[in-house]
1. With a ≥ b ≥ c taken as the square roots of the eigenvalues of the C-alpha gyration tensor of the range 29-79, please select rounded if a/c is under 1.5 and otherwise prolate if a/b is larger than b/c or oblate if it is not?
2. Tell me which of T63, L80, I110 sits at the most positive position along the dipole axis of the chain, charges placed on C-beta atoms (Lys, Arg +1; Asp, Glu -1).
3. Are there chymotrypsin sites (Phe, Trp or Tyr not before Pro) in the range 1-109 that DSSP marks as loop and that have at most 11 other Cβ atoms within 10 Å, and which are they?
4. Would you calculate, for the chain, the mean residue ellipticity at 222 nm contributed by helices, counting each DSSP H stretch of 4 or more residues as -39,500 (n - 2.57) and dividing by all residues, to the nearest 500?
5. Between rounded, prolate and oblate, where does the range 43-114 land on the alpha carbon gyration tensor, with a ≥ b ≥ c its root eigenvalues, rounded for a/c under 1.5, else prolate if a/b exceeds b/c?
6. Put a dot 7 Å past each Cα toward the Cβ at V57 and L5; how far apart are the dots in nm?
7. Using a simple charge model, +1 on the beta-carbon of Lys and Arg, -1 on the beta-carbon of Asp and Glu, nothing else, what dipole does the chain show about its Cα centre, in debye to the nearest 20?
Amino acid sequence: MAKHLIVNVLGFMMILSLAACSSNPVQPPAKIITETEYVTPPQPIVSQPDQLALRDVDFIIVTADNFEEVMADLRDDKVLFALTAKGYEDIALNLADIQAYIKQQKQVIILYERAWEE
């Protein structure tokens, strides 16, 4: 009997909820108007980066023939960083690649600035 009562109550609730949805129909708007508004974003205020001021680097070529002389000249600074000829070449090529990349990025920035001005 309890099962029968639960089924009847749930059935009544479903009918009541469906009837409630249909009792207040929503009227669609009579006419939909779409207007396009063009907005110009504000121009970004970004100054050009400062010019690079690179520091001078002293290179000392150390060979078996001048090793003792170089060590005597360094005195207290007895730290050396060594590169092979191939390593030095790779560093030079890496710097050239970085310079080319920076030039490409400058061109992209110029294109965006020109497009903005139009």
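1. Prolate, since a/c reaches 1.5 and a/b exceeds b/c.
2. I110
3. Working: sites: F12, Y38, F59, F67, F81, Y88, Y101; in loops: Y38, F59, F81.
Those satisfying the criteria are Y38, F59, F81.
4. Details: 3 runs with 63 residues, N = 118.
So the helix-based figure for the chain works out to -18500 deg cm²/dmol.
5. On the way: a/c = 6.08, a/b = 2.57, b/c = 2.37.
Prolate, because a/c is 1.5 or more and a/b exceeds b/c.
6. Modelled inter-label distance: 9.1 nm.
7. On the way: 9 positive and 17 negative charges, 309 e Å.
Computed about the Cα centre, the dipole is about 1480 debye.
No value in this document is a laboratory result; all are computed from the given coordinates. Note that the structure is a prediction, hence the values are computed from the model and not measured. Counting neighbours? That spans all protein chains shown, and the Cβs are built from the backbone with ideal geometry, glycine included.
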